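*Asks:* The structure is given below, and queries will be raised subsequently.
The values are calculated or read from the model by the stated rules, or taken from the named source; none is laboratory data. Just so it is clear, the structure is predicted and the values come from calculations on it, not from any experiment. When we count neighbours, we look across all protein chains shown, and the Cβ atoms used for this are built from the backbone with ideal geometry, even at glycine. Just so you know, the surface numbers come from the protein's heavy atoms only, side chains and all, with ligands and any DNA or RNA stripped out. Shrake-Rupley method; radii C 1.70, N 1.55, O 1.52, S 1.80 Å.
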Amino acid sequence: MSLIPRSLKRGFEASLTPLVDVLIARKVSPNTITGIGTLVLVGAGVAYGSGAVRIGGLLLLVSGVLDMLDGRIARARGETTAFGAFLDSTLDRIGESALLGGITVYFMRGGVPVAWEVPAVVVALIALSAGLTVSYARARAEGLQLECKVGLTQRAERILGLGVPALFFGAGPNGFLLLTLVAILAATGSITVWQRIAHVHRITRAVPSRRVTRIGRVTPKLAQYLGKGPSGDG
C-alpha cells in the first residue's frame, strides 16, 4: 500500500528522463549523485534547525529528486553494484538523521510555544526512530532474500508529506503545522514498522511449504536465520 498513486509516480519518473539522459551523457557517477543528495538533505536539516523552514522544505524536495536520479542512472548504465546499494542506503540514513535532528533543534530553539517544546521534541525523536527502523526493516529483510516493500509510508511519502507543506506554508502559526506534520510522520512510520514486522512474520511462517511461490530460493543465510535465529549482524 502506498499513499502516492503509482500512476503519479510513473509520470514524475518519466518527466525526469531528459535530465537522466543528460547526466548519463556527461558520465556522472550514480554515487556522485547519491553524495550530492545527502549533502542537500543535510542542508535541509541545517535550514530547518536555523528556522528557515521554507528553504528546508525546498532542499528536502530537491534531495528526493536526486534520490530518484541515482537509481535511474545506475540502472541505465548497468552500474547497479552491491557497494552502490550499500552507499545509497547508508547515506540516506545519515541524511534523514540530519533532517529530523534539525527539526528537533528548531523545536528546542523556540519554534513552538514553551509548553509544547518537550512534546514536540519527543514527537520528532519518535519520527526519527520510526523512519530509521522502517528503512532498516526492509534492508534486513532483503538481506535475507525477503521482499519487504509493504507499509503505509515509504521514503517518497515522507519526503513529500514534510517537504511540500513546509515549502508553501513554512512552520505555520507557532510552529504547529510543522509539529503536526512530524507527528503524522511519527504515527505513520510507527504503523509501517509494525506492518513490515507482520509481513515478514507471515511470509517466514510460510517458508516450509511455499518457498518458491512466496519468497523464492532459500539461501544458506536465510536457512541459518530460520533454523538458528539471527546471525548477529545489523
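*Asks:* Give me the percent of Cα-Cα pairs in segment 42-170 that sit more than 17 Å apart, rounded to a whole number.
*Replies:* Working: 5124 of 8256 pairs.
That tail contains 62 percent of the Cα-Cα pairs.
*Asks:* Taking θ as phi - 60°, what are the ³J(HN,Hα) couplings along segment 23-31 by the Karplus curve (6.51, -1.76, 1.60), each to the nearest whole Hz, with x for Gly and Pro?
*Replies:* 5, 5, 4, 8, 6, 6, 6, x, 5
*Asks:* In nanometres, what is the gap between the two model label sites at Arg77 and Lys27, each 7 Å from Cα along Cα-to-Cβ?
*Replies:* 0.9 nm
*Asks:* According to the Kirkwood expression over distinct Cα-Cα pairs, how big is the hydrodynamic radius of segment 23-90, in Å?
*Replies:* 12.4 Å
*Asks:* Also, I was wondering about something else. Of Trp194, Trp116, which has the most accessible area with a 1.4 Å probe, and how do the rest follow in descending order? Each step should come with its number before you reach the end.
*Replies:* Values: Trp194 175, Trp116 120 Å².
The most accessible residue leads, giving Trp194, Trp116.
*Asks:* Sticking with this one: Starting from one equal scatterer on each C-alpha and no solvent at all, send me the Debye-based log10 I(q)/I(0) for segment 77-148 at q = 0.11, 0.18 Å⁻¹, two decimals.
*Replies:* -0.40, -0.76
*Asks:* Give the calculated FRET efficiency between Phe168 and Val114 to the nearest 0.05, with a Förster radius of 30 Å applied to their Cβ-Cβ distance.
*Replies:* 0.65
*Asks:* Tell me, in nm to one decimal, what length is gained between Phe12 and Ser50 on full extension, where the rule is 0.36 nm per residue of separation less the Cα-Cα distance? Walk me through the intermediate numbers first.
*Replies:* Working: separation 38, 0.36 × 38 = 13.68 nm, distance 3.09 nm.
Additional length available on full extension: 10.6 nm.
*Asks:* Relative contact order for segment 1-150: what is it in percent, counting Cα pairs under 8 Å that are at least 6 residues apart? Don't jump to the answer; show the numbers that get you there.
*Replies:* Numbers: 133 pairs, mean separation 36.2, N = 150.
Worked out over segment 1-150, it gives 24 percent.
*Asks:* Thr38: net charge of surrounding residues, Cβ under 15 Å, Lys/Arg +1, Asp/Glu -1, itself excluded? If you can, show how the numbers build up before the last one.
*Replies:* Working: positive: Arg93, Arg155; negative: Asp67, Asp70, Asp88, Asp92, Glu96.
Local net charge: -3.
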